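Below is one structure, written out as structure tokens, with a few remarks after it.
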Amino acid sequence: MYKKFFDGVIEVITGPMFSGKSDELIKRIKILTYADIKTLVIKPKIDNRFSECEIVSRSGLRIPTFSARTTQEIKYLFAQNNYQAIAIDEIQFFDDEIVSFLDEIANKGIRVIVSGLDQDFRRKPFGSLPNLMAIAENVTKLQAVCSLCKRAATTSARRSKIGSQTLIGDQTEYEARCRACHNL
């Protein structure tokens, strides 16, 4: 069935660490670029694992980006140009104000594409992403491969004992796990 949407939509890409979220986001940004849709690309300043001025996927894809700390900084960047779309990686690291801002600009006809973790390492809702999923027109939930049993992984397990919800890390700090292996 063909569905015709309003120009302003919210698309969410989510899943555990190592599931290809950044790859999928970069693919969608490139499609917008090919279609000459002027897109603001943002990542959180806190995430400097691979680069401060690019979104970098584990498969090696890269795309230039602005870094921001707050929704206010994103609003400022967005107001500087006549953007038709906005793409944000690691959305879970932004404050709760991001949900109302993205809903507001989608209502004005702006395409919104975000990627990030919907769950923390305890399998609890993470940041603003679950609230964005609730108002999104499209949610893509990816899976990784469980590091223990090799089944489909839907969660990220922290390897260290640090208890705070936010710990920027990669393969030395986290593993992808299925539901059964996460609960071990």
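Taking the C-alpha atoms only, the angle from helix 97-107 to the longest principal axis of the chain is near 40 degrees. Scanning residues 5 or more positions from Ile13 or on other chains, those with amide H under 5 Å from its amide H are Val114, Ser115, Gly116, Thr140, with H placed 1.01 Å from N in the peptide plane.
What size of dipole, in debye to the nearest 20, comes out for the chain about its Cα centre when the only charges are +1 on Lys and Arg C-beta atoms and -1 on Asp and Glu C-beta atoms? Each step should come with its number before you reach the end.
Values: 27 positive and 22 negative charges, 150 e Å.
Dipole magnitude for the chain comes out near 720 debye.
Using a probe radius of 1.4 angstrom, the carbon and sulfur fraction of the accessible surface of region 9-142 is 49%. For Phe5, the solvent-accessible surface computed with a 1.4 Å probe is close to 120 Å², ligands and nucleic acids excluded. Pairwise Cα separations in region 9-142 fall into 5 Å bins from 0 onward with the following percentages, short to long: 2, 11, 22, 27, 23, 12, 3, 0, 0.
Listed by chain and number, the lysines placed with their C-alpha closer than 24 angstrom to that of Lys21 are Lys30, Lys38, Lys43, Lys45, Lys75, Lys124, Lys141, Lys150; residues fewer than eight positions away on the same chain are left out.
GNM remark for the chain: springs join alpha carbons under 10 Å apart, and the peak mean-square fluctuation among Tyr174, Tyr83, Tyr34 falls on Tyr34.
Per residue, the accessible area of the chain comes to 53 Å² when a 1.4 Å probe rolls over the protein heavy atoms.
The values are calculated or read from the model by the stated rules, or taken from the named source; none is laboratory data. Not measured: the values here are computed from a predicted model. Using ideal geometry, Cβ is built from the backbone for each residue, glycine included, and neighbour counts are taken over all protein chains shown. Areas reflect the complete protein model, heavy atoms only, side chains present, ligands, DNA and RNA absent. Shrake-Rupley method; radii C 1.70, N 1.55, O 1.52, S 1.80 Å.
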